[in-house]
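In what follows, a structure is listed as structure tokens, so that the remarks can point back to it.
FYI, it's all coordinate maths here, none of it is from the lab. Remember, it's a predicted structure, so these values are computed and weren't measured experimentally. Cβ placement follows ideal geometry from the backbone for every residue including glycine, while neighbour counts extend to all protein chains displayed.
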Amino acid sequence: MTTTTTERRAAVRETAPLLSVRDLTVTFQRHGEEPFRAVDGVSFDVRPGETVGLVGESGCGKSVTSLAIMRLLPKRGNKVTGTVNFEGTDLLSLSDAKMRDRRGRDIAMVFQDPLSSLNPVVPLGVQVAEVLERHRGMSRKAAMPVAAELLKRVGIPDPVRRLRDYPHQLSGGMRQRALIAIAVACAPRLLIADEPTTALDVTIQAQILALLKELVEDTGTALIMITHDLGVVAGLCDEVNVLYGGRIVERGDRHPLFRDPRHPYTNGLLASIPRLDAAGERLTPIPGSVADNLPWDHACAFAPRCSQPIEICTQVTPQLEVADGRALRCHNPVTSGWSGPSAGQTEGDVAR
Amino acid sequence: MLRYIVRRLAQLVGVTVVLSMLLFFWLRSLPGGPVNAMLGERATPDQKARLEAVLGLDQPLHIQYVAYVGRILRGEFGNSSAVLPGADAMDIFLARFPATIELSLVAVTIAIIAAIPLGYIAARRHGSILDNATIVGSLVGIAVPVFFTAFLLKYWFAVKYGWLPVSGRQANLGCTRITKFFILDGLMTREFDCAASALKHLILPSIALATIPFAVIFRITRASVLDVVSEDYVRTAEAKGLTNRVIRSRHILRNAMLPVLTIIGLQVGSLLAGAILTETVFNYPGIGEALVSSFRGRDYAVLQILILMAAVVFVLVNLIVDVLYAVVDPRVRTR
Amino acid sequence: MSDSPKPTNPNPTNPIARYREARKERIDSLAQLSARDRVAVGAGAGGPGSDWTPSPDEVSVTESGTIEEKPGVSLWRSAWLRLRRNPVFLLGLTITIIFVLVAIFAPWIAPKDPVTGYLIDQVRRQTNPVPGPQPGFPLGGDHLGRDLLSRLIVGSRQTLIVGVLATFGGFIGGLILGTLAGALGGWVDSLVMRLVDVMLSIPSLVLALSIGAVASRPSQWTLIIAIAVVQVPIFARLLRGSLLAQRSSDHVLAAQALGIKRGPIIFRHMLPNAMGPVIVQATLALAVAIIDAAALSFIGLGDPDQRTPEWGAMLGQAQTYIYDHPHLAYYPAICIIVVALGFTLMGESLREALDPKTRR
């Protein structure tokens, strides 16, 4: 199984990327305050049909990355540089109107909190149908049956009746399904899911992830999965980017990364997940928080929280070094290897 | 929904009962008591004694109160002593009320048409010069007394340049009366000069009166749009690639209008208070002007019905607004 | 699993370990400080809260190195720190201070006696009802030949007295009703709130007029009482709301757990905490009271004694001379507007500074 996956992955890596993010930097600037780089030179590719994870704690810049790709950041108070190449066009240099044409049609997004992400005073049907009206040029009358079909497809029972319902009349899981229906309405080539399961119960989380996986496999849509939860990544992603302090610190295909995490941060993240095969063992959280970060300029931001820092970590910025489809930004990588879940023992064994 | 309306109606009844009690005690505490209030101060002792017997003022308080409520329900408030001596107070109210409704409706319409777009624009350009200018403008607007605004308008546009009439409700054209709403009457009878004259008389008072609701509606709209714009569902709408027009009308304004609607209902009170002043400045024959004349002439019969009706109208309008709110907001409607 | 990396015991000479320890201590002490002074700043320091949102505010907190620069600041102190640099607030404050000073020292500032009809000889009912500006009388006289400037200056007193007393009266009334309703709850609450609803449902001027009608003779006191009554329900609602919100808050529960009686809890723990919004409301209410007082005098509810100058009444009398002498109305109106604006600007910026929603 591992071999076939590796072969498949190698083949995927040969295809031209659908989305290619290069040196994406988002700087927040508020007058009278130091500018702050929330995203700091992030580069990664997403190929057609591929599922890519962006993983990290709160504040690591993963959501800002997704909003920058969608050009949904507030107009004032920030500066976005770099390129976001989508099928040969740089999204960042598109006009507002052209970008508007692409959002919801070519690239769609699923947000974290399904209740607040749906308009409370507009019936569900209209909220699904309006995407079709906008991008497919359908009339309301023509769009409604399609909307019902979409709701059915994402597993909402009795969809025709639900069209007239309002978001507050649905359960949390149903709302997230509705948001997904809205996102996939125009069969986008890229779907960005920003912590789509964080606000949901554990059982519902699994259902939503299964639904996303099914949709991706059926339609060949590429997916960027943004999450702080490695459990989510384990079951879904082909490739994983681990972000820390606005930069990618480690990248790799799922299996190698889980089997052999090189960055102490990735290692720490894996050590802090409850595992079924480690019953009775204590979880080891990463000490400190993002607030302890050092600036990247002359150091490794993670150094103050690192389990194995060396002197150079507080003096020299580590560079992202790429080799064999893996990338790592660390002066003192984990060498011994983490004797966690071995190969082929990934998705099912991670609780959640 | 129905339960909601029933509950609001029950509240309305409660408010009216407390109000009638207050009015009852208010009448008794007036100088000279209720007899004076109903007959006026110039009545003869003989008349007074007869009325006292009819009103049963020698009876215990609770019986008097029940009798008082009965009189209110039958519309017997007594006769005017100063506003229109001898006339029934209820008739005076009925004659004056349409004038004030006409004035208030035009004023609120002006305020809404001007305030909501301006509030929306100010919010979307949050922090811009336009935003700050309108904010300061609305604060100044609140500080300027309505009667001074009315005074200024009257002086410049009516007295100095004579473009618009100085006072009154309509020129003496011998117009036909159907509904007592003069503009409506003029349109119905095709006496367009009558409608035009009524409209001309309304322009200045309604602009003066509109300043208060304008400032309030503007501020609420701005604050409410600012709140809504940062909501997740607006970001979702942007992520859908919807046009600006759809985002504005369906996703921002439809949500932002909910608090605005409530505020418009609450404005009825300050509108009536403002009508008192504007009508006085422009000698406009509505209930506001009647209130001032009845107060100045100590015409308690008229004063009494006007106070009662002012409160009832306020509560009724807010009931209507609440029901409207429920219609607009599905979270209330489908509860 | 024996070789899973544990947080390694930091070598005390390790530079990062030292850095980390120092950082922790600072945050801990900050958190303690914040708990004591109810700081808003400390909340962001830990950072385990919500996911990163692109709000530039949090940046200053999450960004490394800025935390220690923010000292623990109490609500009022931080409000003052922001107000001190707010031009709107400073303008309002200046206007208010000047107004209060003028009102207090009016008799000494006013160049002439406001009651004597110095120019009465010039007044001709038909040809020259209002004497114009002339040496010694920069704004001219009124229809009784009295010095307009002196009357405006002395009139500020009346405005201040009526405004302050009426607002104070409204506050006291609201305090009693609001405390009864909010502290006792139950049927007292329902009864008081129904009464308050009724008072709110009568338009302010109508309510004031009906209060004025009860008095057999209008006077300054009728005016004050009428305006105070109008303010009562507003203060009552405000205090009740604040008390109700506090009833289940931690510091009240803590006081109850310590066995403190209801009275002391209300007066020593709950009411002082409700004072922030009340002070804001009082500032705004002062502006409203001044405008309402002017409006009521304009209608004729005020002191019928024409000798005491009062801005609203002066504006009312100016109506008679609107055709030829609109300046008689302009001067008092400008006084009212400027003073009301001063209180409004001050109140609005205070409200914004104390409102956690707008603390940005």
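Tell me, Kirkwood radius of region C:75-354 from alpha-carbon pair distances, in Å?
Details: mean 1/r = 0.0481 Å⁻¹.
Result for region C:75-354 stands at 20.8 Å.
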| task | Report, in degrees rounded to the nearest 10, the 0 to 90 angle that the Cα long axis of helix B:2-29 makes with the longest principal axis of chain B. | result | 40
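Loop only by DSSP, 16 or fewer other Cβ within 10 Å of the Cβ. Give me the trypsin sites (Lys or Arg not before Pro) in region A:105-173 that pass, ordered by residue number. Don't skip to the end; give the middle numbers.
Numbers: sites: A:Arg105, A:Arg134, A:Arg136, A:Arg140, A:Lys141, A:Lys152, A:Arg153, A:Arg161, A:Arg162, A:Arg164; in loops: A:Arg105, A:Arg164.
Here the sparse-neighbourhood loop sites are A:Arg164.
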| said: To make sure I understand the rule: partners must be aspartates and glutamates, Cα under 12 Å from the Cα of A:Lys79, and not fewer than 8 residues away in the same chain. Which ones qualify? | reply: A:Asp40
| Other-chain or far-sequence residues with amide H under 5 Å of A:Leu320's (modelled H) | none
| What ranking do C:Val198, A:Val80 get, fewest neighbouring Cβ atoms within 10 angstrom at the top? | A:Val80, C:Val198
| note | Rounded to the angstrom and largest first, Cα extents along the principal axes for the protein assembly as shown equal 115, 66, 62
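Inverting the mean 1/r over all pairs of different Cα atoms, compute the Kirkwood radius of region B:185-333 and quote it in Å. Could you put the intermediate results ahead of the total?
Details: mean 1/r = 0.0543 Å⁻¹.
Here the Kirkwood hydrodynamic radius works out to 18.4 Å.
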| message | Viscosity 1.002 mPa s, temperature 20 °C: what is the translational diffusion coefficient of region A:167-318 from Stokes-Einstein with a Kirkwood Rh over Cα pairs, rounded to a whole number of µm²/s? | response | 122
| When we measure straight from the Cα of B:Lys160, which aspartates and glutamates land under 20 angstrom away, once same-chain ones fewer than 8 places off are left out? | B:Glu279, C:Asp324
| Can you work out the FRET efficiency for the pair C:Thr116 and B:Asp232, with r the C-beta to C-beta distance and R0 = 56 Å, to the nearest 0.05? | 0.20
| If one computes the Cα centroid of region C:249-323 and of region B:208-280, what distance in Å separates the two points? | 28
| task | Starting from the Cα coordinates of region A:22-98, work out the convex hull volume and express it per residue in Å³. | result | 100
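Within the protein assembly as shown, what percent of beta bridges assigned by DSSP are antiparallel, to the nearest 5?
Once the DSSP bridges in the protein assembly as shown are tallied, antiparallel ones form about 65 percent.
Filter the chymotrypsin sites (Phe, Trp or Tyr not before Pro) in region B:96-180 to those in DSSP coil with at most 10 other Cβ atoms within 10 Å of their Cβ, and list the result. If you can, show how the numbers build up before the last one.
Numbers: sites: B:Tyr120, B:Phe147, B:Phe148, B:Phe151, B:Tyr155, B:Trp156, B:Phe157, B:Tyr161, B:Trp163; in loops: B:Tyr161, B:Trp163.
Listed in order of number, the matching sites are B:Tyr161.
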| Which whole number gives the average, over all residues in B:146-156, of C-beta atoms from other chains lying within 10 Å of the residue C-beta? | 5
| request: Give me Rg over Rh for region A:114-189, both radii from the alpha carbons and Rh done the Kirkwood way, two decimal places. | output: 0.92
| query | Taking the Cα centre of chain A as origin and charging only Cβ (+1 Lys, Arg; -1 Asp, Glu), how large is the dipole, in debye to the nearest 20? | reply | 1160
| Taking Cα atoms, how many degrees apart are the long axis of helix B:254-282 and the longest axis of chain B, rounded to 10 and kept between 0 and 90? | 40
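I need the Kirkwood Rh of chain A: take the reciprocal of the average 1/r across all distinct C-alpha pairs and report it in angstrom. Can you show the working numbers first?
On the way: mean 1/r = 0.0470 Å⁻¹.
Hydrodynamic radius (Kirkwood, Cα pairs) of chain A is 21.3 Å.
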| request: Return, for the Cα atoms of chain B, the radius of gyration and Dmax in Å, separated by a comma. | output: 23.7, 82
| field | Cα-Cα over 29 Å, subset of A:Lys75/A:Lys213; B:Lys154/B:Lys180; A:Lys141/A:Lys213 | value | A:Lys75/A:Lys213; A:Lys141/A:Lys213
